[in-house]
Ligand SMILES: C[S@@+](CC[C@H](N)C(=O)[O-])C[C@H]1O[C@@H](n2cnc3c(N)ncnc32)[C@H](O)[C@@H]1O
C-alpha cells in the first residue's frame, strides 16, 4: 500500500499527528489516503466517531476552530469537502485562504454554501401548514455581532446562541477566486424543509481547483 497523501499537521498540534495506525482503507475500498474531519463541536465530533465505528473506517477526528489557522501544513490535501458551515463565521475569506494554503496544486475544493436569502425572514422555517405570507423583516447582511436587531433574534438565549451570518456570493464565490481558486462548476439547491424551499433555492455548491 502506498501512502500518497499524508498531510503533515503543524508541530504545535501534536494530537493531530498522523501515526502508522491512521493509514487505512476506508470501507475496505482501495482508498489509502489520510482522511480527517475537523469541527469544534464535541457532540458533532462524537457523531463522527460513532459513524466511523459503525461503518468500520478510520478517520482522524480533529477539534479546531476554522476561524483560526487550520492545523495542517501547506499543500497537505488532495481534496477538501467543506459542507454548509461558514454561515457560523463572520469572515469566510479566511477559510477560503486556508483551504487554498493546505491543498496541493491540482487539489479540489467542494463547498456547500447558504446564499443568505433565508436570513431575510424571521419565520421562514415555520411548518408547512402555516399560511401566513413570508414577510421580509431585515436587510442583509445578517450579522448579529454588528447589528443589534439581528442580535435580538437570539435574545432569548444569547449567551448560549450559535450565531449565524449571511454571506454574499461575492464573499462566497468571489472569495474562492480571490484566494486563487479556479471555479469549475456550481449548482443551486433547495432546502429540504421549510416554506421557503417552495420559492427559491437557498444553497449553492461549488467545485473549484487550486491551479497546478
Ligand atoms: C451543517 S454542520 C456540518 C456537520 C458535518 N461536518 C456534516 O458535514 O454533516 C456545520 C458544522 O460546523 C461546525 N462549526 C461551526 N462553527 C465552527 C468553527 N468556528 N470551527 C469549526 N467548526 C465549526 C458546527 O459545529 C457544525 O458541526
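Quick notes on this structure:
- Of all DSSP-defined beta bridges confined to the range 14-209, some 60% are antiparallel rather than parallel.
- Distance between the C-alpha centres of the range 41-70 and the range 74-89: 14 Å, rounded to the whole angstrom.
- Spin-label pair residue 64-residue 91: with each label point 7 Å from Cα along the Cα-Cβ axis, the two points sit 1.7 nm from one another.
- Residue 78 paired with residue 209, simple spin-label distance in nm, labels 7 Å along Cα-to-beta-carbon: 1.4 nm
- Taking only the C-alpha atoms of the range 14-209, Rg followed by Dmax gives 18.7, 58 Å.
- Length gained on full extension, residue 189 to residue 55, computed as 0.36 nm times the residue gap minus the Cα-Cα distance: 45.4 nm.
- Ordered by the number of other Cβ atoms lying within 10 Å of each residue's own Cβ, fewest first, 163, 142 fall into the sequence 163, 142.
Only the coordinates and a few stated rules stand behind these numbers; no lab work does. Quantities reported herein were computed from a predicted structural model and do not represent experimental measurements. Note that each Cβ is placed from the backbone with ideal geometry, even for glycine, and that neighbours are counted across all protein chains shown.
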